[in-house]
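Nothing in this text is a laboratory measurement; each read-out follows from the coordinates by a stated rule. Nothing here was measured: the structure is a model prediction, and the numbers come from that model. Quick reminder, even Gly has a Cβ in these numbers, built from the backbone with ideal geometry, and neighbours come from all protein chains shown.
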């Protein structure tokens with residue numbers, strides 16, 4: 001399976017995390033669902049759907065936390081019969097990122113993913129540019145920017 005990144009500083013931490021946590025699929029994205037790096041996805045439709053759903057779930061849990069008058073939840077985990085899904089938030093120099101991880105329960109575990117997520121968090125914080133948010137994308141450039149990002153993510 002391939003690992004690709006639109007933002008080069010996310011690649012090395014992601015590759016290490018995938019190997020150590022035995023993750024099947026991983027997305028590193030902004031809280032708005034803009035994908036910065038991915039591992040294991042083969043179709044752009046799957047990446048965009050997973051990113052939108054992951055960002056929406058994190059936004060929902062942030063709102064629940066707000067209504068409970070507590071800080072946002074740092075992570076969320078769901079387990080099915082064969083797979084687990086882990087969503088975690090990382091605050092970096094580029095703002096809040098969301099990491100979506102799908103793992104096979106016969107190869108990995110929530111504990112293993114959680115352990116190496118802490119390491120991924122530290123590595124992303126250390127590697128992230130300190131300038132803040134990336135350049136604003138103009139509406140006229142949106143389609144080209146999206147196409148370029150998808151081509152990078154899928155090696156085209």
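Some values worked out for this structure:
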quantity	calculated
Residues within region 33-50 that are closer than 18 Å to residue 127 by Cα and surrounded by fewer than 15 Cβ atoms within 10 Å (Cβ to Cβ), tallied	0
Residue in region 32-74 that is nearest to residue 91 (Cα to Cα), counting only those that are out of contact with any helix residue (DSSP H, G or I) (no Cβ under 7 Å at 6 or more places or on another chain) and not in a helix (DSSP H, G or I)	74
Residue among 3, 61, 92, 30 that alone is surrounded by 15 or more Cβ atoms within 10 Å (Cβ to Cβ) and in contact (Cβ under 8 Å) with a residue 60 or more places away in the chain	30
Enumeration of residues in region 8-17 that are within 12 Å of the chain's Cα centre (by Cα) and either surrounded by fewer than 23 Cβ atoms within 10 Å (Cβ to Cβ) or assigned to a strand (DSSP E or B) (or both)	11
Region 18-27, residues that are assigned to a helix (DSSP H, G or I) and buried (at least 18 other Cβ atoms within 10 Å of the Cβ)	18, 21
Any hit, region 84-100, residues being assigned to a loop (DSSP other than H, G, I, E, B) and in contact with a helix residue (DSSP H, G or I) (Cβ under 9 Å, 6 or more places away or on another chain)	yes
